Amino acid sequence: MGHLHFGLVALAAVAVRAEPPEPPVAEVRSQRSIVHGQERIDDYHWLRTRGDAAVIHYLEAENAYCDALLKHTAKLQEQLYQEMVARLKEDDQTVPVRDKSWYYYTRTEKGKQYPLHCRKRGRLDAPEEIILDPNALATGHDYFRVTAVSPSPDHALLAYLVDTSGAEAYTLFIKDLRTGEVRGDTATNLGPALAWAMDNRTLFYVTLDAAKRPFKVFRHRLGEAPADDVLVYHEADDAFFVNISRTRSDAFLTIFLRSNTTNEVRVLDAFQPLGEWRVVRPRARGVEYRIAHRDDHFYVMTNQDAANFRLERIATDPRAGADAEVLLPHRAAVTIDGIDAFADHLVVYEREEGLTHVRVMNLVDGTAHRIGFDEPVYTVRRSANREFTTTRLRLNYESLVTPDSVLEYDMNARTQQVLKRQEVLGGFDPANYAQARILATAADGTQVPISVLHRKDIKRDGSNPTLLYGYGSYGISIDPGFSSTRFSLVDRGFVFAIAHVRGGGALGRTWYEHGKLLHKKNTFTDFVACAEHLIRERYTTSECLAIQGGSAGGLLMGAVTNMRPDLFAAVNAEVPFVDVVNTMLDPTLPLTVIEYEEWGNPNDKQYFDYMLSYSPYDNVRAQDYPAMLVTTGINDPRVQYWEPAKWTARLRRLKTDDNPLMFHTHMGAGHGGASGRYARLREIARSYAFFIDQVAGPGRSQRSVGDSGPKD
C-alpha cells in the first residue's frame, strides 16, 4: 500500500506538466479468479475501492493530466461555450399544460442553471405562482436534480424528488402550495417515481435495494410518520425493476414491473388507495405489455405471439371474462412503440421504415388516420398531455434542421398548429443546411441507415471533418433530433451523422433482436460499415473521422476502437460500459441481473465466451489507437466509474502510439454528467474542442503530442 500511495503522489505531481504520469503498480491489488476453468487476472481491480484515498488521488491526477493536455484548447473551449450560450434564448418558458383548472409550465432565467416550476390558475394571463425554484434549493450542492414534480389531484400539495450526488437515489419532499411550507413527510433512498391517489392524502413511492434497484412500493398517508409507511408490493426477482404511476383517466394507479424481456402490470382503484392491487396479466417470460385506460376497458399493446406488438382491448373488470378484442393485428413492417388513451380517442405511436408515425383512432365513430409530417427525416414523440377529456393532442416534433417544436393536433378536425418552436438565436437559418438518410451495407448484406447533417456548401471531396454518433442497445432508437450546440461543429465544416445500428430500435423489434445477446457483434460491425460508407462516399476520410457514444454507446466506442483503430482519428467515450465481463459477473451491481437478458449471463459458458470476445477492457492489445477522450462520473450507478478508469489504464499500458489518451472523472456527478444547463455546455465545449483539435484544426497535423499516458 505504501508503494501504491507513493506512485499516486508522483502521478499528481507530474500530471500538471502534461508528462506521461506513472500509475501505481497494478499487481499490488490485482484480482485473480477462475471462471469456467479459466484463470482471469484483473490488474486494475483495485480501482473499484470507492472512496479509497489512493483511488481518489489517482482519479484527480488523471483529471489534472487531462486538463493539461487540453490546456491549449482553453481559448477554443471558451469560444465554443460562448457560441452555444449565444444560441440560447436564456429567458424562456415551456408551453403551459392544462391540468384541471391550472396551467403548469417551467421557465428559465438568464444566468440560472435550472428551470423554475410555475403555474397559473384558470387562465394564461393570471398571476404567476412559482411553486418550485431548484436554483435556490441547489445552493451548496455541486450537483442537483429534481424530478417527479407531482401536484396532488386537488393541486394543494406538491411532491417532488431530489438527488444531490448523481447517484440516482432520491429524497422525497412534500410542499404545501397554500402556505409554502415543506412538510415533515419525507423518505430517502427512493427511485424516480411518485403517484398520488385521488383522495389527496395518499402518496405511493418506490424504494431502492442495496444494488440501487427499484424493488418496493410503499404507501404514505399525509400526517403519519414515514416510519409507519406501508409496504404494498415487494418485487423479489432481481431481474425486475418497479415503477409507479396513475393513468391519465385518474381511475387507476399502476405498478409497472419490467425486465428487459418481460412485463407485468398491477392496478388499484385510485379512489380506494387502501384497497387490494390486482394483476392485469400474469407475467410470462418473454411477453411484454403496456396498458392505457378508458371507460370500462384497458387498451393493451403486447408482443405475445407478435414480435412487433399488436393492440388489444380487454375489460377492466376481470369478472367480465371476455376474450381480448384485437384492434390492430401484428404487422411485419410496423412496430407499435406506445399508446395514449383519451376520452374519445386512442393514439398509437408506430415505427415504420425507421420513422415514427402517429395513428389516431376515434373510439366513438371507429375511424382512424395517421398524422402527416412534411420532412423526409424527422423525430416525433408524445408531449405533455395531462388532460383526459380533450380532443387536442400535444406532440414534440423536430429534425436535424428543425428546432424542437410543440404541436397541438385536433384529433377530430385533423388540423395542427405549432404552439412553440425552440428559438435559436445568432442568425440560425435552417435553409443553410442539408439532412439526408443514406444506407450503408453491413458485412452480412444488411442495409444500415445513417442520418446525415451538414452545411449545403460543403464539398464531397473526402476532406470534411466528421462526427459519427452511435448507441445501438436496449432497442432504443437514436432518432434524428435537433441540437443547437451541434452547429458549433457543423458551421466549422463538420458532417454530423448518426449510425442507426442493430441493437437499437430504428427498424423495429427484429432490428433490436439482431443486435443483442449472441448477435451483439452486429452492432459493432454495422457501425464500422457506416464509417466505411461515409469514407467511400467521400464525406470524409479516416484521418478526419471522429466518433462518439455514451454508456452502452461507450461500449460501442470501445469495441470498434479495438476492432478497427485505423478507421478513426478521435474517439469520445462517455460513461462507457467497457468492462462487460467483470460487471456481468457481479450481481451486486445495480443493472447486472436485469441485463442478463440484454448481454447474456456469463455464468453460462456460451455467453461468457461470446462477451469475452468483444468486451473492450478484455480486448485491449498492443496496437496503435486513435486520440481518445474518456469521461465518467464518480457517483454513476449505471456504469461504475472504475470501468472507464480500468480501461484507460490498460490502454495506457498496451497501446503502441503517441496519440493523446485523456480520462476525466466528474467528482460530483453521475451518469448524466453536470446537472446545470450552463455546466453541461462546458462539458460539451470540451468534447467539441477535442474533436476540432484532432480532426479539423491545426492540431490535426500534430496529433502525436508525445503522450502515451501512464505506464506500469
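Brief remarks follow.
- For the stretch 221-245, filtered to residues that are under 23 Å from the mean Cα position of the chain (by Cα) and assigned to a strand (DSSP E or B), the residue that is farthest from Asn200 (Cα to Cα) is Phe241.
- A single entry from Glu83, Glu78 fulfils the requirement of being surrounded by fewer than 15 Cβ atoms within 10 Å (Cβ to Cβ) and in a helix (DSSP H, G or I): Glu78.
- Glu78 charged (D, E, K, R) and more than 27 Å from the chain's Cα centre (by Cα): no
- All of (1) over 23 Å from Ser383 (Cα atoms); (2) touching a residue at least 40 places away in the same chain (Cβ under 8 Å) hold for Arg294 with one exception: (1).
- Scanning the stretch 523-542 for residues that are within 21 Å of the chain's Cα centre (by Cα) and more than 15 Å from Leu439 (Cβ to Cβ) yields Thr523, Phe524.
- Output for the stretch 427-459, where each listed residue is among the aromatic types (Phe, Trp, Tyr) and assigned to a strand (DSSP E or B): Tyr433
- The residue that is surrounded by the fewest Cβ atoms within 10 Å (Cβ to Cβ), among those in the stretch 488-522 that are of a type in the set (Val, Ile, Thr) and within 18 Å of the chain's Cα centre (by Cα), is Ile498.
- In summary, Leu585 fulfils each of the numbered conditions (1) surrounded by 21 or more Cβ atoms within 10 Å (Cβ to Cβ); (2) out of contact with any Leu (no Cβ under 9 Å at 6 or more places or on another chain); (3) of a type outside the set (Asp, Glu); (4) touching a residue at least 40 places away in the same chain (Cβ under 8 Å) with the single exception of condition (1).
- Gly140 meets the conditions (1) within 22 Å of Tyr678 (Cβ to Cβ); (2) crowded, with 19+ Cβ neighbours inside 10 Å in every case but one. The failed one is (2).
- Matching residues, the stretch 496-527, being assigned to a strand (DSSP E or B) and among the aliphatic types (A, V, I, L, M): Ala497, Ile498, Ala499
- From the options Ser708, Ser687, residue that is modelled with pLDDT under 95, among the hydroxyl-bearing types (Ser, Thr, Tyr) and either under 30 Å from Leu517 (Cβ atoms) or not in a strand (DSSP E or B) (or both): Ser708
- Residues in the stretch 647-695 that are in contact with an Asp or Glu (Cβ under 6 Å, 6 or more places away or on another chain) and surrounded by 21 or more Cβ atoms within 10 Å (Cβ to Cβ): 4 in all.
- Residue match in the stretch 176-183 (condition: surrounded by 16 or more Cβ atoms within 10 Å (Cβ to Cβ), of a type in the set (Lys, Arg) and in contact (Cβ under 8 Å) with a residue 12 or more places away in the chain): no
The values are calculated or read from the model by the stated rules, or taken from the named source; none is laboratory data. This one's a predicted model, so the numbers in the text were calculated from it and none came from an experiment. Cβ atoms come from the backbone with ideal geometry, glycine included; neighbour counts cover every protein chain shown.
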